[in-house]
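So the structure is just underneath, and the comments pick up after that.
Quick note: the coordinates plus some simple rules give every number you see, no bench work behind them. Given the structure is predicted, the values throughout are model-derived calculations rather than measurements. When we count neighbours, we look across all protein chains shown, and the Cβ atoms used for this are built from the backbone with ideal geometry, even at glycine.
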Amino acid sequence: MNRLHHLRHHLRRHRYRSLLSVITVVVLTLLIAPLHGSADSSSRLDDPDPASIPLPVLDDDDPAKAVVARVTFSSRTQATVDRTSVSLQRAHTHIGDPPILKLSLTDVDGQVIDRMDAWSPLWVYSHGDRERMDVKSSGSGSFIVPFSPALSTMTITDTALNRDVVTVDVKPAIRDFCVSHPADPDCLESDLSVDSVEPRAPLFAVLGKPVTVTVASTVSNAGPDGPTDARVERTVTAGTGVTATPAAPDTTEVGLAVGTPQRLEKTYTVTCTEPGARTLDFTTAVAPERASVIDPQEANNRRTTRLTVDCAVPVTINIQPGTTRNPVNLNGGVLPVAALTTRAGEYGNPLAFDATTINAASLHFGSPSVLLLGGGVPEAHGRIHPENSLELDEVTRDRDLDAVLHFQPRSQAMTPADTSACVLGRFAGPSGPLSFYGCDRVTVVP
């Protein structure tokens with residue numbers, strides 16, 4: 001009996017999760033020993049009692065750990081988390097615990113790692129004239145579960161009511177532990193970084209007309225550990241006078257091997273709501289998915305690149321005033337183009353436009369695709385010609401001064417397949433210089 005008492009004391013002192021298995025081995029050994037003795041009487045005589053059973057050797061260097069959550073219950077269905085931590089002792093087994101509470105352990109992706117029954121701190125023994133079980137209205141207790149480097153949350157559920165009481169975020173505790181114990185085999189180190197954020201956009205955008213902006217982000221892992229599962233979050237912040245969709249942050253999961261950068265692309269639809277230079281900030285951030293992965297250089301985990309969009313005012317132009325066919329000869333002479341002065345709302349234009357304030361040196365003429373890439377031909381005379389030009393009906397003159405411009409179309413500005421041509425330039429707006437853009441139908445002739 002003294003030897004069995006010593007065994008119980010040894011197990012209780014270490015509180016290992018293998019308690020149940022050790023007891024099982026002892027009991028089975030005691031049960032099986034008499035059977036062996038019946039077959040071999042000498043064995044029974046040599047090993048007559050449990051005192052001959054050697055004590056189990058427990059591994060004091062076992063790296064097993066536990067996650068501890070201290071929780072205060074204000075009722076059966078309401079609780080708050082007081083603190084969480086990682087213990088260097090192995091968690092005790094939950095086998096045999098009554099189904100009062102259910103503990104659900106999940107990883108960062110919401111996948112269940114384990115489920116187990118647990119005792120409730122509201123259920124207590126009381127001692128009076130006799131021992132009995134009482135259920136208190138409030139109380140505190142610690143929930144101790146096995147450590148896992150993938151562990152993210154612990155959800156405590158009242159089993160009888162089938163109602164979640166509280167969800168414990170254990171990631172901060174795991175992170176703090178790994179920061180303090182970098183050599184622990186369950187803790188890894190990966191230097192993640194955002195190496196570049198590169199937006200690609202057209203040269204300009206026209207007020208009210210959506211354009212596509214593509215943002216390429218490069219992320220990498222400099223190690224020493226990998227591959228590492230990481231979350232990459234991309235966001236856009238639009239300044240005044242411009243919108244970007246989707247506006248919500250986008251999160252992507254990637255596996256980053258050491259020394260193997262990954263390039264991620266995302267497209268946005270950008271629309272100008274006010275003229276002028278408008279800004280968009282594109283931000284990419286990367287972080288390990290697991291709290292057990294420590295990034296030693298977090299300063300390089302986020303990068304922002306600002307894109308400035310030139311929001312041009314839409315205007316009306318009349319190519320070859322006096323003809324509706326608007327013939328354009330790519331090998332011909334000077335082509336007249338009238339930029340019309342308009343009121344707000346005229347021809348559907350949202351803003352008023354005074355064509356006589358055009359800066360002739362800023363002008364370019366060509367197909368839409370050429371102008372979006374910064375090409376086109378300049379004004380042939382280097383100046384504008386204020387005139388009361390024909391309107392789009394090729395008959396009416398509205399008595400305001402327009403600007404007649406002259407260009408020499410060439411193959412670098414248009415192709416025989418083009419059906420429209422445009423003018424891009426700058427003019428004096430009410431509060432400063434602004435860009436303008438206008439197009440008209442054309443027929444390209446030999």
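Taking the Cα-to-Cβ direction at residue 164 and at residue 196 and moving 7 Å from each Cα, how far apart do the two end points lie in nm?
4.2 nm
Helix 19-39 versus the longest principal axis of the chain: what angle, 0 to 90°, nearest 10, using Cα atoms?
For 19-39 against the chain, the angle is about 40 degrees.
Determine the percent antiparallel among the DSSP beta bridges restricted to the stretch 315-445, to the nearest 5.
Once the DSSP bridges in the stretch 315-445 are tallied, antiparallel ones form about 90 percent.
Would you mind getting me the FRET efficiency between residue 240 and residue 305? Use the beta-carbon distance for r and R0 = 22 Å, nearest 0.05.
Values: r = 19 Å, r/R0 = 0.86.
Working from the Cβ atoms, E equals 0.70.
Pick from 229, 109, 195: which is most flexible by mean-square fluctuation in a GNM of the chain where alpha carbon atoms under 10 Å apart are linked?
Top of the fluctuation ranking is 109.
Taking 0.36 nm per residue of separation and subtracting the Cα-Cα distance, what length does fully extending residue 136 through residue 352 add?
70.2 nm
Could you list 108, 194 in order of exposure, starting from the residue whose Cβ has the fewest other Cβ atoms within 10 Å? List each step's numbers first, then the result.
Details: 108 17, 194 20.
By the 10 Å Cβ count, ascending: 108, 194.
Tell me which residues come under 5 Å, amide H to amide H, from residue 147 once H is placed; ignore anything under 5 positions away on its chain.
The answer is 65, 66, 67, 91.
Place a +1 charge on the Cβ of each Lys and Arg in the chain and a -1 charge on the Cβ of each Asp and Glu, then give the dipole magnitude about the Cα centre in debye, rounded to the nearest 20.
On the way: 39 positive and 51 negative charges, 113 e Å.
Here the size comes out at about 540 debye.
Of the listed values (i) 256; (ii) 151; (iii) 140, grab the one calculated as volume of the Cα convex hull per residue in Å³ from the structure here.
Of the labelled values, this structure produces (i).
Can you give me the distance in nm between label points at residue 393 and residue 381, each placed 7 Å from the Cα along the Cα-to-Cβ direction?
Roughly 2.8 nm, to one decimal.
Skipping prolines and chain starts, which residues have an amide H placed within reach, meaning under 5 Å, of the one on residue 189, given they are 5 or more residues away or on another chain?
225, 294
Counting only DSSP beta bridges with both residues in the stretch 190-311, tell me the antiparallel percent, nearest 5.
95 percent
Using the number of other C-beta atoms within 10 angstrom as an exposure proxy, rank 295, 440 with the fewest first.
440, 295
Calculated from DSSP H runs of 4 or more alone, at -39500 (n - 2.57) each and per residue, what is the 222 nm mean residue ellipticity of the chain, nearest 500?
-3500 deg cm²/dmol
Using the alpha-carbon atoms, what tilt in degrees (0 to 90, nearest 10) does helix 2-14 show relative to the longest principal axis of the chain?
10 degrees
Under a straight-distance cross-link criterion of Cα-Cα below 26 Å, which lysines are reachable from residue 209, leaving out those fewer than 8 residues away in the same chain?
Within the straight-line limit of under 26 Å, residue 209 reaches these lysines: 266.
Ranking 431, 193 by Cβ neighbours within 10 Å, fewest first, what do you get?
Arranged by neighbour count, lowest to highest, 431, 193 become 431, 193.
How many percent of DSSP beta bridges within the chain run antiparallel, rounded to 5?
Of those bridges, close to 90 percent are antiparallel.
Please name whichever of 249, 328, 259 sits farthest to the positive end of the charge dipole of the stretch 224-364, dipole taken about the Cα centre and charges placed at Cβ: Lys and Arg +1, Asp and Glu -1.
328
Can you give me the Cα centroid spacing of the stretch 370-396 and the stretch 200-270 in angstrom?
39 Å
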